[in-house]
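Trainee: Just dropping this structure here.
The values are calculated or read from the model by the stated rules, or taken from the named source; none is laboratory data. Just so you know, these numbers come straight off a predicted model, no measurement behind them. Methodologically, a virtual Cβ is constructed for each residue, glycine included, from the backbone with ideal geometry; neighbour enumeration extends over all protein chains shown. Just so you know, the surface numbers come from the protein's heavy atoms only, side chains and all, with ligands and any DNA or RNA stripped out. Shrake-Rupley method; radii C 1.70, N 1.55, O 1.52, S 1.80 Å.
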Amino acid sequence: MADYILRRLLLAVVIMLVTIIILFALVYVIPGDPASIALGPRATSEMKAELRARMGMDQPLPMQFVRFVGNAVVGDLGVDVWSKRPVTRIVLEALPHTLALAGSAILWALLVGLPLGCLAAARPDGWVDRLIGVVSTLFIAMPSFVVAIYGLLLFAVKLKWLPAIGAGPPDQPLMQLEHLLLPSFAVGLGWVGYLARLVRASMLEVLGQGHIRTFRAFGVGEPRIALRFALPIAVVPVVSVLGVGVGSLLSGAVLVEIIFARPGLGKLTFDAVVSRNFPVVTGTVLVTTALYLTCTVLADLVVARLDPRVRASL
């Protein structure tokens, strides 16, 4: 198990280094002057030279690369072009909002999707199973930004039940929770349908295995079989999918954060791209990549812990 963890960590480090190299190539090697793009056409040559020196772009390219990689490794993501604040601090201020959005979306998707999948698997091909299948497919087919727009128009503008934009005051958790309901609903709705279909298929496969038939032969009740013996095995694919699906979850969160004006990583990245703030763009991409790799490694470890077959193959 220790060797498996070490291999996964080394692979994550390699992917992170490749991401850093690609970001350096995109920002410093592609045609065009980032300083001219950031300052606009009316900037003087002195202003451009000052910004290039501040960004370290007046140095030779190999030195820029070594400096970029070295700073990224130690967590120094540079300085914001406009506010002169450290990018690391700016990203860490936005990160909790994105984590809260992604975590709440996954939580309520699990709380709704898992029971729906188990209910559909309990009576396969029945009217409940067909109804859940139709509803799940409908949820999967609805993009998160469409759900966000219509949810905003219905619950915030028309009914005025929930706040429309922002994340709420930092010192008022209940208001922050109210601001989180609509965005998490928009991000997590598609995952409800996806998890329901995945759990149904996995439960049907597990319920058809030999050891389940043995439990039935010894008179074990169906509810106990489903919850005690089948569900722990059936959730293993769910953990794997959630770990790999963090990327799509974060991409959906980007659009939702823009629509609801939440001060998360998605909104921060969008504003940085619009203003040509390259240090903030690279910082948010690196942090998002690190978050994705962390979730993937944790999902692999949880799968290895839940499934004895995975542990036996290590």
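Trainee: Based on alpha-carbon centroids, what's the gap between the stretch 127-155 and the stretch 238-287 in Å, whole number please?
Mentor: The two parts, judged by their Cα centres, are 23 Å apart.
Trainee: Now a separate question. Could you list which residues have their amide H under 5 Å from that of V79, counting only those 5 or more apart in sequence or on another chain, with H placed in the peptide plane?
Mentor: V87
Trainee: Please enumerate, by chain and number, the aspartates and glutamates with C-alpha under 15 Å from the C-alpha of K160, excluding those fewer than 8 residues away in the same chain.
Mentor: Correct list for K160: E178.
Trainee: Starting from the coordinates of the alpha-carbon atoms of the chain, obtain the Kirkwood hydrodynamic radius over all distinct pairs and give the value in Å to one decimal.
Mentor: Every distinct Cα pair counted, the radius reaches 22.4 Å.
Trainee: When the solvent-accessible surface of protein heavy atoms is calculated with a 1.4 angstrom probe, in what order do S240, S144, S45 fall, highest first? Each step should come with its number before you reach the end.
Mentor: Details: S240 45, S144 25, S45 80 Å².
So the residues, ranked largest to smallest area, are S45, S240, S144.
Trainee: Using only Cα atoms, find the angle between the long axis of helix 127-141 and the longest principal axis of the chain, and express it within 0 to 90 degrees, rounded to the nearest 10.
Mentor: That helix lies at roughly 10 degrees to the long axis.
Trainee: Now for a separate question. What residues of the stretch 70-111 lie in the reach of a label at M47, counting those whose backbone N is under 20 Å from a point 7 Å from the Cα along Cα→Cβ?
Mentor: 79-85
Trainee: So, for the chain, what is the accessible surface per residue at a probe of 1.4 Å, expressed in square angstrom?
Mentor: Using a 1.4 Å probe on heavy atoms only, each residue of the chain averages 54 Å².
Trainee: Rounded to the nearest 10 Å², what accessible area does M47 show when all protein chains are kept and the probe is 1.4 Å?
Mentor: Here the residue's solvent-accessible area equals roughly 90 Å².
Trainee: Right, another one. Taking just the C-alpha trace of the stretch 164-266, give me its Rg and Dmax in Å.
Mentor: 19.5, 58
Trainee: P(r) tail for the stretch 117-162, what percent of Cα pairs lie past 13 Å?
Mentor: 64 percent
Trainee: Find the Cα radius of gyration of the stretch 186-233, compare it with 2.2 N^0.38 Å by division, and give the number to two decimals.
Mentor: 1.39
Trainee: Would you mind estimating how fast the stretch 151-200 diffuses translationally, via Stokes-Einstein at 37 °C and 0.692 mPa s with the Kirkwood radius over Cα pairs, in µm²/s?
Mentor: It comes out at roughly 272 µm²/s.
Trainee: Here is a follow-up. Identify, among L227, P62, G252, the residue whose Cα sits farthest towards the positive end of the charge dipole of the chain, taking +1 on the Cβ of Lys and Arg and -1 on the Cβ of Asp and Glu, with the dipole about the Cα centre.
Mentor: The listed residue farthest towards the positive side: L227.
Trainee: If N is the number of residues in the stretch 59-110, what value comes out of its Cα radius of gyration divided by 2.2 N^0.38 Å?
Mentor: 1.63
Trainee: Show me 133-141, 170-178 ranked by packing, highest mean number of other Cβ atoms within 10 Å first.
Mentor: Averaged packing, sorted descending, gives the order 133-141, 170-178.
Trainee: Here is a follow-up. Per residue of the stretch 113-120, in order, report the coupling 6.51 cos²θ - 1.76 cosθ + 1.60 (Karplus, θ = phi - 60°) as ³J(HN,Hα) in whole Hz, putting x for Gly and Pro.
Mentor: x, 5, x, 5, x, 5, 5, 5
Trainee: Calculated from DSSP H runs of 4 or more alone, at -39500 (n - 2.57) each and per residue, what is the 222 nm mean residue ellipticity of the chain, nearest 500?
Mentor: Values: 15 runs with 232 residues, N = 314.
Per the formula, -24500 deg cm²/dmol.
Trainee: On to the next question. In whole Hz, with x marking every Gly and Pro, tabulate ³J(HN,Hα) for the stretch 286-300 from phi via Karplus 6.51 cos²θ - 1.76 cosθ + 1.60, θ = phi - 60°.
Mentor: 5, 5, 5, 5, 5, 5, 5, 5, 4, 5, 5, 5, 4, 5, 5
Trainee: Quick check: at a probe of 1.4 Å, how many percent of the accessible area of the chain sits on carbon and sulfur atoms?
Mentor: Values: 12100 of 16990 Å².
Here carbon and sulfur together make up 71 percent of the probe-accessible area.
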